[in-house]
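One structure is given below, encoded as structure tokens.
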Amino acid sequence: MTAVPLQRRRLLAPLARIAGGDKLVTAALAVLAVLIVAAVFAPWIAPHDPDAVDLSATLSGSTPEHLLGADQSGRDVLSRLIFGARTGLLGPLVVVIVSTLLGMLIGVAAAWHGGVVDSVLSRAMELIFSFPALLLAIILVAVFGVGLTAPVIAMSVAYAPYVGRLARSVALQEKARPYIQAYKVQGWSGWVICVKHLLPNIAPLILAQSAINFGYALMDLAALSFLGFGVQPPTADWGAMINEGSPSLLQGAMLPALAPGVAIVITVVAFSIVGESIADRVARREQ
Amino acid sequence: MAGFLLRRIGGIAVTLLVTSFLVFGSVHLAPGDPASFLLGGRSASPAAVAAIKAQYHLDDPFLVQYTKWIGGVVTGDFGKSATFRQDVGGLIAARLPTTLLLIGYAGVLILVGGLAFGALAALRRGVVDRAVLVGTGIATATPSFVAAIGLISLFSVQLGWFPAFGNGGGFGDRIYHLTLPAAALALTFVGLLARVTRTSMLEELGREHVEVARSRGVPGSDVVRRHVLRNALGPITTVTGTIVAGLLVATSIVETAFGLSGVGQLLVSSVTVKDFPVVQAVSLLVVLAFVTANLVVDLVHPLIDPRLSHAKGGGA
Amino acid sequence: MTTRLLEIENLTVRLAAGKAARPILDGVSLHVERGEAVGLVGESGSGKSVTCRSVLGLLPEGSRASGGVRVDGEDILTMSSTRLRDLRRRGVSMIFQDPRASINPMRRIGDFVAEGMRAGGVPQKDALKRAEELLESVGIREPRAALRRYPHEFSGGMLQRVMIAGALAGGPRLLLADEPTTALDVTTQAEVVSILTGLRAERDMGMLFVTHDLELAAAICDRIYVMYAGRIVEAQSTEGLFSRPRHPYTSGLLAATPRLESDQPPHGVPGRPVSLAEAPSGCAFAARCAHARPGCTEHEPGPREIDGAQVACLRAEELIHD
């Protein structure tokens, strides 16, 4: 009786340590860990081939064979959900990495140089702000065609100012601190000071913003796949699954569309909990 | 104030100019010949090719093309749709009422729901507050298309209270048809607004002037209305800019999900069939609406916070 | 004997909320007669503000109070919320320390001054007219225009005048002033104090004046209570307090006050003030007291009457400080 909880506790222990003992954050980290494992080891974990058609199971509800049922083409929903975590996480990951690097470069450059550089970069960021990320993605899809590439490029650009604005303001604060001045007086080059001292100090807040951005990017990319602009059927992807599954809703088959919907919500919630807890910890450390 | 207004409008003009330039120029970024791209890869008669070339002045230098195009846009001439063979302006005008009604409906839901839940959480700490926090956390993480399928499966399929598709005819029927779409559109923003309202009100509740008002025998409800809610409006107004931007784009998703023929759905279907003149026009309109909304927010903010009306310019 | 305007009797307040549970006030008793100005003096953390706010029923969140706080014989602690609201509107009003924080920055000055009257059912027009008169009486120029202006357009001193006007609006019998000049610069302090004392005398209001500044209290008040660590340690007439302080803490405070006529430099009370929660058993001041005896830390000295002065010190008879 006690064996299972004990084991579970041992599994969660490292996560709980990272989470600082907070149960909610531990749970969020656990969700993310499960997702990453599912995405990486999908072929070994998924009970079925995500593209295998079992016509006899078409739009069946939950059965022992198909735990989350099968979709309108008779494909196993659970397996597609597990495989869907791959595109679901990969797209936002690229967006977050590129936009974070881009944003930090812009923000730190603006803060460090000030003057004309700052006002040009700030104007540019404002300009991108007036372009909703999804709209930019839709335009790029219209120009370059459907698929993940155009949306990921569009979002990397559109999300950069969120990081850039934060990086700029944090870097401005850090720059004003005496220790940076001391390095300058000692004749260190601007690049070295930025990379070795400024970045590590602003990194935690940027990380928090990036974790929250990950959730938003996931929602936006899934929306594009839902519209048919992103990941294309028959590839298993949460947004595309909702698109394909929504006609079956009216026939009373909820799982093909609802299961990926719930997966999206849970993932985004987990990312925002982690992001907010990082931001909280930074705020507490500052005090 | 006049100087501030002029500077802001100047900024908007620059934004629109750059945006229109990018939107127009993107045609030339596309792989292949602009004429065949604008025809959406449809095999076209030489006459059609000539027409599109004439419409976009494709034989002129790029800047001349742009100037002629933007000259048309300013006078309301967005060119002709490649698929509908109609004026783009007319296509949009026919669909605008549905979209505006949808946004207005969602806006009311967001305002009422966001303020009510936010205020409730701030004033009733404990169980209610925690429930609102959990609810809004989930709401903000629910994209509109997920909300759409959730609402359809519950209210259309299971309960059969609301229709899942279509615009409806007549005002009452339209509102009825738009209820689920508006709710789907509103959900995530209700969460966002409730969070902002809660934080902002909690901050105000801790202020000295609130206690002072209580110490003077002002009834609790008046204290909340005149001092807490009133003062919390500043951050709430600021977040409406974000909400408007999100709403404008999310209409394309919600209209598609519910099969409403609105401007958003027009954008999506035009991208699908590569009807570029329509994509250009709708994109410009969205950006215009967005910057206008932000201008309104900037103009309204000093009315809410008198301390801002004397500040010079207003920085951002 | 008629009832006193304000009578605080054996008021004890403790925070009862979980881990933060701690005592704040212990057996505080004081009174204010009709038309009398009474000072309540002590260092920060001594509980003087809590005492003052308790008169309006404003107790710290999560605290429990016992004893009595009576205004005209009616107990605030057991009063219905309707009655309390009515008392706040008409009977008792308070002037707070920092006018910048105490007046809502988003509402007009007229709104602030008239708010209490409006809550009491006075029509908007009459309330604004009365507000204009009040602003004039506290020395605001162009009071009619001032009604429509916002707090950020006023200096701190002017805002404190607005606060006084607001406090007078309900025609109170009792005025509570919680360090009303601490947030102001010195020249403005004098102006605000003179306006306050002038109007108090003119309207024959009783006043409880809370301050850490003994000199200021002496200039304004008929009688002074001295507080230390949540208890009243000494109470007597201003004259008596200055000529013959009975409690070692009072004499310490007096010695710490710079005086023009003295050629000795002021010297502070050694040690750090403690709050009631940190106070050891016995006399809370014993650790800082030059006259402390072993007996002082054993039991808490109760207040005793000596030559018209109330003193809470075991050695009050032996030590006459003059």
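The values are calculated or read from the model by the stated rules, or taken from the named source; none is laboratory data. Note that the coordinates shown come from a computational prediction; the quantities given were computed from them, not determined experimentally. We place every Cβ from the backbone using ideal geometry, glycine too, and count neighbours over all the protein chains shown.
Among the residues making up region C:39-51, those that are crowded, with 21+ Cβ neighbours inside 10 Å and either modelled with pLDDT under 85 or part of a strand (DSSP E or B) (or both) are C:G39, C:L40, C:V41. Could you please let me know if C:S49 is among the polar types (S, T, N, Q) and closer than 23 Å to B:E208 by Cβ? When the stated conditions are applied, C:S49 passes them.
Determine whether region A:75-97 contains at least one residue that is crowded, with 24+ Cβ neighbours inside 10 Å, over 30 Å from A:S248 (Cα atoms) and not charged (D, E, K, R). Yes, some residue in region A:75-97 is crowded, with 24+ Cβ neighbours inside 10 Å, over 30 Å from A:S248 (Cα atoms) and not charged (D, E, K, R).
Restricted to region A:241-253, and to residues that are crowded, with 21+ Cβ neighbours inside 10 Å and free of Cβ contacts under 8 Å to residues at least 24 places away in the same chain, which residue is farthest from B:E255 (Cα to Cα)? Step through it out loud before you land on a result.
Narrowing region A:241-253 to residues crowded, with 21+ Cβ neighbours inside 10 Å: A:241-246, A:249, A:253.
Applying the additional criterion that residues be free of Cβ contacts under 8 Å to residues at least 24 places away in the same chain yields A:242-243, A:246, A:249.
Details: A:I242: 15, A:N243: 13, A:S246: 14, A:L249: 17 Å.
My answer is A:L249.
Please go through region B:214-259 and give me each residue that is closer than 20 Å to B:A289 by Cα, more than 14 Å from chain C (Cβ to nearest Cβ) and either of a type in the set (S, T, Y) or touching a strand residue (DSSP E or B) at 6+ places or on another chain (Cβ under 9 Å) (or both), ordered by number. Scanning region B:214-259 gives B:T238, B:T240, B:T242, B:T251, B:S252. The single residue among C:G157, C:G170, C:G198, C:G206 that is on the phi < 0 side of the Ramachandran plot and within 14 Å of chain B (Cβ to nearest Cβ) turns out to be C:G170.
Before we move on, is C:V32 away from chain B (no Cβ under 14 Å), over 16 Å from C:L174 (Cα atoms), buried (at least 16 other Cβ atoms within 10 Å of the Cβ) and under 12 Å from the mean Cα position of the chain (by Cα)? Spell out the reasoning first.
On the way: away from chain B (no Cβ under 14 Å): yes; over 16 Å from C:L174 (Cα atoms): no; buried (at least 16 other Cβ atoms within 10 Å of the Cβ): yes; under 12 Å from the mean Cα position of the chain (by Cα): yes.
No.
Going through (1) surrounded by 20 or more Cβ atoms within 10 Å (Cβ to Cβ); (2) farther than 24 Å from C:A309 by Cβ; (3) of a type in the set (V, I, T) one by one, C:V226 falls short only on (2). Counting only residues that are at the interface with another protein chain (Cβ under 9 Å from one of its Cβ atoms) and either touching a Phe, Trp or Tyr at 6+ places or on another chain (Cβ under 9 Å) or on the phi < 0 side of the Ramachandran plot (or both), region A:239-267 holds 18 of them.
Taking the numbered list (1) surrounded by fewer than 20 Cβ atoms within 10 Å (Cβ to Cβ); (2) under 30 Å from C:G68 (Cα atoms); (3) within 13 Å of chain B (Cβ to nearest Cβ) in turn, C:T182 passes all entries but (3). Taking every residue in region C:104-123 that is under 14 Å from C:I164 (Cα atoms) and pairing it with any residue that is surrounded by fewer than 18 Cβ atoms within 10 Å (Cβ to Cβ) and at pLDDT 90 or above, at least 6 positions away or on another chain, the pairs with Cβ-Cβ distances below 6 Å are C:I109/C:R149. All conditions but one from (1) modelled with pLDDT under 85; (2) of a type outside the set (D, E, K, R); (3) buried (at least 24 other Cβ atoms within 10 Å of the Cβ) apply to B:A316; the one that does not is (3).
A count restricted to region C:185-214 and to residues that are within 15 Å of the chain's Cα centre (by Cα), within 15 Å of C:A37 (Cβ to Cβ) and not aromatic (F, W, Y) stands at 12. Give the residues of region A:139-171 that are more than 14 Å from every other protein chain (Cβ to nearest Cβ) and not small (G, A, S), sorted by residue number. Of everything in region A:139-171, those that are more than 14 Å from every other protein chain (Cβ to nearest Cβ) and not small (G, A, S) turn out to be A:L148, A:V152, A:V163, A:L166, A:V170. Taken over region C:112-139, the criterion of being buried (at least 23 other Cβ atoms within 10 Å of the Cβ) and assigned to a loop (DSSP other than H, G, I, E, B) is satisfied by C:V138 alone.
Of the residues that sit in region B:261-274 and are touching a residue at least 60 places away in the same chain (Cβ under 8 Å) and crowded, with 24+ Cβ neighbours inside 10 Å, which one is farthest from the other protein chains (Cβ to nearest Cβ)? Quick ask: steps written out before the conclusion?
As a first pass, look at region B:261-274 and keep what is touching a residue at least 60 places away in the same chain (Cβ under 8 Å): B:261-266, B:270, B:273-274.
Now restrict to residues that are crowded, with 24+ Cβ neighbours inside 10 Å: B:262-264, B:266, B:270.
Numbers: B:G262: 14, B:V263: 12, B:G264: 10, B:L266: 12, B:S270: 8 Å.
Looking at the filtered set, the residue picked out is B:G262.
Based on what the data block shows, is C:T250 surrounded by 24 or more Cβ atoms within 10 Å (Cβ to Cβ) and among the polar types (S, T, N, Q)? For C:T250, the condition - surrounded by 24 or more Cβ atoms within 10 Å (Cβ to Cβ) and among the polar types (S, T, N, Q) - is met.
Checked against the criterion of being over 21 Å from the mean Cα position of the chain (by Cα), away from every other protein chain (no Cβ under 13 Å), closer than 30 Å to C:L176 by Cα and surrounded by fewer than 24 Cβ atoms within 10 Å (Cβ to Cβ), the candidates B:L123, B:L205 yield just one match: B:L123. For region C:52-95, a tally of residues being among the β-branched types (V, I, T) and surrounded by fewer than 18 Cβ atoms within 10 Å (Cβ to Cβ) returns 2. Would you please list the contacts, defined by Cβ atoms under 7 Å and residues six or more apart or on different chains, that run from a residue in region B:50-75 that is under 18 Å from B:F276 (Cβ atoms) to a residue that is surrounded by fewer than 15 Cβ atoms within 10 Å (Cβ to Cβ) and at pLDDT 80 or above? Short answer, once both residue conditions are applied: B:H57/B:V64; B:H57/B:K68; B:Y66/B:F21.
When region C:35-90 is filtered for residues that are within 14 Å of chain B (Cβ to nearest Cβ), among the charged types (D, E, K, R) and within 18 Å of the chain's Cα centre (by Cα), the ones remaining, listed by number, are C:R53, C:R88.
If you go through region B:8-34 and keep only what is over 21 Å from B:V74 (Cα atoms) and in contact (Cβ under 8 Å) with a residue 12 or more places away in the chain, you end up with B:H28, B:P34.
List the helices (runs of 4 or more DSSP H) inside region A:122-238, counting only whole elements, that have at least 2 residues being closer than 28 Å to B:H28 by Cβ. Break it down into steps so the answer makes sense when it comes.
Working: elements: A:133-144, A:149-175, A:178-185, A:190-193, A:199-227.
Those helices (runs of 4 or more DSSP H) span A:133-144, A:149-175, A:199-227.
Listed here are the residues, each with its yes/no results for (1) surrounded by fewer than 19 Cβ atoms within 10 Å (Cβ to Cβ); (2) basic (K, R); (3) in contact with a His (Cβ under 9 Å, 6 or more places away or on another chain).
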site: B:Q158; (1), (2), (3): yes, no, no
site: B:W161; (1), (2), (3): yes, no, no
site: B:F165; (1), (2), (3): yes, no, yes
site: B:G170; (1), (2), (3): yes, no, no
site: B:A183; (1), (2), (3): no, no, no
site: B:A194; (1), (2), (3): no, no, no
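Screening the candidates B:A257, B:A250, B:A213 for the property of being farther than 18 Å from B:V287 by Cα, modelled with pLDDT of 90 or more and among the small types (G, A, S) yields one hit, B:A213. Just to be sure before I move on: is C:R107 charged (D, E, K, R), part of a loop (DSSP other than H, G, I, E, B), touching a helix residue (DSSP H, G or I) at 6+ places or on another chain (Cβ under 9 Å) and under 19 Å from B:R216 (Cα atoms) in the structure I sent? The answer is yes for C:R107.
Confirm whether A:A270 is touching a Leu at 6+ places or on another chain (Cβ under 6 Å), within 12 Å of chain B (Cβ to nearest Cβ) and surrounded by 24 or more Cβ atoms within 10 Å (Cβ to Cβ). It would help to see each step written out before you state the result.
Details: touching a Leu at 6+ places or on another chain (Cβ under 6 Å): yes; within 12 Å of chain B (Cβ to nearest Cβ): yes; surrounded by 24 or more Cβ atoms within 10 Å (Cβ to Cβ): yes.
Spelling it out, A:A270 is indeed touching a Leu at 6+ places or on another chain (Cβ under 6 Å), within 12 Å of chain B (Cβ to nearest Cβ) and surrounded by 24 or more Cβ atoms within 10 Å (Cβ to Cβ).
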